[in-house]
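Contents: one structure, followed by commentary.
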Amino acid sequence: MTPHLWIVAAALVLLLPLSGALPADDFAELAALTGPVLGFVVVLTVVAELCAGAGLFDAVADGAARLARGRPAILWLLVVAVATACTVVLSLDTTAVLLTPAVIAVARRTGRDPLPLALCVLALANTASLLLPVSNLTNLMAARSFDDGYVGTMAAPAVAVLVVVVAALAVLHRRALHGRYDVPPRRAPRDPVLLRVSGVVVLLMGAAFAIELPVLPTAVVAAAVLGAATAWRRVPITVPVTQMVPWRTAIVTAGLFVAVGTWHAHGLTALLSHLTGAGTGPGDLAQVAAVGALTANGVNNLPAYLALAPTVTGSDARLAALLVGVNAGPLVTPWGSLATLLWLQQYRRHAWAAQPTGLVRRVVLQGVVLAPLAVAAGVAAVVLT
């Protein structure tokens, strides 16, 4: 994140409503929509950091390396499964921040090139983020607008996108699936009891999210239990609290929301309605998804969703198509989603001995292949269901 960008965002949050550029009623409506979402992101990040401190992500990745028994193809499939589950339950940003270093460590321990596994994590962090409201901030903002319920509407597109993306990844990284590696020895966890507690908490939290219990209270309970367990087991927290709580990210996101809300107050909805159309036929839904994907790659998926959402109100199909576009589409540009920016930061930090030339180029090339396939599969599922 650009230094001091959060200061600019904080100024927007304060000045636009106070100056009247964002009317009070519009600001209140925006705060009611986005406030709980930002609170959830902060709490869920704390949950993820506590799980990482308990060794949960490292244990899962290490277990996958041993379970594959020296077969890279099986290890790849296990990484795909873990990345998908982590994204669905703990959100795409958690996958990018916490699973990427674990996967790089596993690749290093098994003598494999870390980039193919890490690129799979990146792709799935974005494209597996359609199934549950908690999987992506855009989903959380959209969840209340579905007449037939979020999961019931988005399950088919989520599965379609995932199947197509995993198949495409297998083709793109097929060379990395050959050969054998020496099975690494088992690593003993720092505290087995805390590790088990964190695993149970995540499973229960995922079940609560799946049945669509209120997400913020659920995450708060999970964070409280994990915090109490960490204190009980006297396991030191390696990440300072100021870094555990993503307050800068929350402020920048709030600034984006307020900026887009202000534009809407001055006619943005009418302008964008010409781009997204008004129908629910296959071509109309493809148009909505394409506009969403292009906008997300251009400016980031969060402001893209908030800008385009008012143009798809009153139709579950159009809203589903928009989510497919802004979630599965922003794979091409490094700034298309916060998860991609976080992934690049983590890869450069942890894979210092295996830095490929043109890392961003590799990300872009993978995205150019995956994004059209993922969006097309998701739209097709929306049309059929």
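The values are calculated or read from the model by the stated rules, or taken from the named source; none is laboratory data. Bear in mind the structure is a predicted one, so any value in this text is a computation, not a measurement. Please note: Cβ atoms are built from the backbone with ideal geometry, for glycine as well, and neighbour counts cover all protein chains shown. The area values use the complete protein model at the heavy-atom level, side chains included, leaving out ligands, DNA and RNA. Shrake-Rupley method; radii C 1.70, N 1.55, O 1.52, S 1.80 Å.
What length, rounded to one decimal in nm, is gained on full extension from Ala224 through to Asp148, with 0.36 nm per residue of separation minus their alpha-carbon distance? Don't jump to the answer; show the numbers that get you there.
Numbers: separation 76, 0.36 × 76 = 27.36 nm, distance 3.23 nm.
Length gained, Ala224 through Asp148: 24.1 nm.
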> Which Cα, out of Leu226, Val79, Thr340, lies furthest along the positive dipole direction of the chain (beta carbon charges, K/R +1, D/E -1)?
Replying inline: Val79
> Against the longest alpha carbon principal axis of the chain, how many degrees, from 0 to 90 and to the nearest 10, is the axis of helix 100-110 turned?
Replying inline: 30 degrees
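Summing -39500 (n - 2.57) over the DSSP H runs of n ≥ 4 in the chain and dividing by its residue number, what mean residue ellipticity at 222 nm do you reach, to the nearest 500 deg cm²/dmol?
Details: 18 runs with 277 residues, N = 385.
Calculated mean residue ellipticity at 222 nm is -23500 deg cm²/dmol.
What is the dipole size for region 164-245, taken about its Cα centre, with +1 at each Lys and Arg Cβ and -1 at each Asp and Glu Cβ, in debye to the nearest 20?
Working: 9 positive and 3 negative charges, 90 e Å.
For this selection, approximately 440 debye.
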> Under the Karplus relation 6.51 cos²θ - 1.76 cosθ + 1.60, θ = phi - 60°, what is the ordered set of whole-Hz ³J(HN,Hα) values for region 270-278, x standing for Gly and Pro?
Replying inline: 4, 5, 6, 4, 5, 7, 8, x, 9
> With a Cα-only, solvent-free Debye model of region 195-338, what are the log10 I(q)/I(0) values at q = 0.11, 0.16, 0.20 Å⁻¹?
Replying inline: -0.60, -0.97, -1.15
> Label points 7 Å out from Cα along the Cβ direction at Arg349 and Arg362: separation in nm?
Replying inline: 1.9 nm
> Relative to the longest principal Cα axis of the chain, at what angle does helix 5-19 sit, 0 to 90 degrees, rounded to 10?
Replying inline: 20 degrees
> To the nearest 20 debye, what charge dipole does the chain have about its Cα centre, counting +1 at the Cβ of each Lys and Arg and -1 at the Cβ of each Asp and Glu?
Replying inline: 1880 debye
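What relative contact order, as a whole-number percentage, does region 262-357 give when Cα pairs under 8 Å and 6 or more residues apart are counted? Can you show the working numbers first?
Working: 117 pairs, mean separation 26.5, N = 96.
Across region 262-357, relative contact order equals 28 percent.
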> Can you give the accessible area per residue of region 102-245, in Å², using a 1.4 Å probe?
Replying inline: 48 Å²
> How far apart, in nm, are two points set 7 Å out from the Cα along the Cα-to-Cβ line at Arg196 and at Ala167?
Replying inline: 4.2 nm
>> Explain nothing, just compute: Karplus ³J(HN,Hα) = 6.51 cos²θ - 1.76 cosθ + 1.60, θ = phi - 60°, for every residue of region 367-381 in order, whole Hz, x for Gly and Pro.
In response: x, 4, 7, 6, 4, x, 5, 5, 5, 4, 5, x, 5, 4, 5
>> Need the full-extension length gain, Ala11 to Arg180, defined as separation in residues times 0.36 nm minus the C-alpha distance. One decimal, nm.
In response: 55.4 nm
>> With angles folded into 0 to 90 degrees, how steeply does helix 247-265 sit against the dominant principal axis of the chain? Use alpha carbons for both and round to 10.
In response: 20 degrees
> Got a sec to turn the phi values of region 222-237 into Karplus ³J(HN,Hα) couplings, 6.51 cos²θ - 1.76 cosθ + 1.60 with θ = phi - 60°, whole Hz, x for Gly and Pro?
Replying inline: 4, 5, 5, 5, 5, x, 5, 5, 5, 5, 4, 7, 6, 8, x, 8
>> Computing the accessible area with a 1.4 Å probe over protein heavy atoms, can you report the carbon and sulfur percentage for region 1-151?
In response: 67 percent
> Which whole-angstrom value gives the distance between the alpha carbon centres of region 77-91 and region 179-232?
Replying inline: 14 Å
> For region 200-314, what % of the accessible area comes from carbon and sulfur atoms, probe 1.4 Å?
Replying inline: 72 percent
